[in-house]
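This report concerns only the one structure given below.
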Amino acid sequence: MIEFFIAGLLLGISAGISPGPLMAVLISETIKGNFKNGFIISIVPVLTDIPLIIVLVFFLKNVQNHEFIIKTLYFLGFIVLTYYGLKDILASKVDININSYTVASLKRGLLTNILNPHPYIFWGLVGVPFIIEENIFNMISFIAGFFIGIVGSKISIALIVEKSKKFLQSRYYIYMIKLSGLILVLFGVVLFSKIF
């Protein structure tokens, strides 16, 4: 059970610190407002991902050719994680596009994440296939670890942005992204090994 929690935690942290649409919203709202705005954005993945997880688990539990589909998803997940991981490892700078919006923080965060392909890719090709054949305790441990990791890392970034706006352009953040890329590649290898 603990290994599933740790796997979820590491993947959550990697997802939480990686540049993307939700990260841009998090930074923008924190800069325009304060830490409270950033905190609101940080909890958005919990609100948007849980319904997605439930739908995917229900679908994969009830579909025919279950084993073939799972192994196909393992392979696709391996490709996706390796691609994103190598992209992060090779990153030399962070490019986060922050635009000016007037929509309320939570509404903007929810809309951004619902339209963001990353949660669908992660839960459809990595998260749910990884836990679908496990018992309920391992499933809950993985999901809990993931949400603690992603929400905790996004809250931390909101705090850092409020205190030091230059952090995201520093080499320390680049190193964090490279480390998260390595975690993604390693987890991709784990998914690949589950095919056989």
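The values are calculated or read from the model by the stated rules, or taken from the named source; none is laboratory data. If you're wondering where the values come from, they're calculated on a predicted model, not measured in any experiment. Ideal geometry is used to build each Cβ from the backbone, glycine not excepted, and the neighbour counts take in all protein chains shown.
Of the numbered conditions (1) within 20 Å of GLY8 (Cα to Cα); (2) surrounded by fewer than 16 Cβ atoms within 10 Å (Cβ to Cβ); (3) in contact (Cβ under 8 Å) with a residue 24 or more places away in the chain; (4) among the small types (Gly, Ala, Ser), SER193 fails exactly one; give the number of that condition.
Status for SER193: all satisfied but (3).
For PRO19, work out the one condition from (1) in contact (Cβ under 8 Å) with a residue 12 or more places away in the chain; (2) within 21 Å of SER105 (Cα to Cα); (3) in a helix (DSSP H, G or I) it doesn't fulfil.
Result: PRO19 fails condition (3) only.
Tell me which of these LEU10 doesn't satisfy, since it passes every other one: (1) closer than 30 Å to LYS166 by Cβ; (2) of a type in the set (A, V, I, L, M, F, W, C); (3) at pLDDT 95 or above; (4) over 12 Å from the mean Cα position of the chain (by Cα).
(4)
Taking LYS154 and the conditions (1) surrounded by 15 or more Cβ atoms within 10 Å (Cβ to Cβ); (2) charged (D, E, K, R); (3) at pLDDT below 85, which numbered condition does it fall short on, given that it satisfies the others?
For LYS154, the failing item is (3).
Residue-by-condition table, conditions (1) on the phi > 0 side of the Ramachandran plot; (2) aromatic (Phe, Trp, Tyr); (3) at pLDDT below 90:
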residue	(1), (2), (3)
LEU22	no, no, yes
ILE50	no, no, no
PHE58	no, yes, no
THR82	no, no, no
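Checking the condition more than 13 Å from the chain's Cα centre (by Cα), crowded, with 20+ Cβ neighbours inside 10 Å and of a type in the set (D, E, K, R), which residue from GLU67, GLU29 passes?
Unique residue meeting the criteria: GLU29.
Which one of PHE196, PHE78, PHE187 is under 20 Å from VAL57 (Cβ atoms) and aromatic (Phe, Trp, Tyr)?
PHE187
How many residues are modelled with pLDDT of 90 or more and assigned to a helix (DSSP H, G or I) when one looks only at segment 85-109?
Pass one, segment 85-109, residues modelled with pLDDT of 90 or more: 85-86, 89-90.
Adding the requirement that they be assigned to a helix (DSSP H, G or I) leaves 85-86, 89.
Matching residues across segment 85-109 total 3.
Criterion first (among the polar types (S, T, N, Q), closer than 21 Å to PRO117 by Cα and exposed (fewer than 15 other Cβ atoms within 10 Å of the Cβ)) does THR72 satisfy it?
In short, yes.
Given LEU52, LEU73, which one is in a helix (DSSP H, G or I) and free of Cβ contacts under 8 Å to residues at least 60 places away in the same chain? Steps first, answer last, please.
On the way: LEU52 fails: free of Cβ contacts under 8 Å to residues at least 60 places away in the same chain.
Exactly one residue qualifies, and that residue is LEU73.
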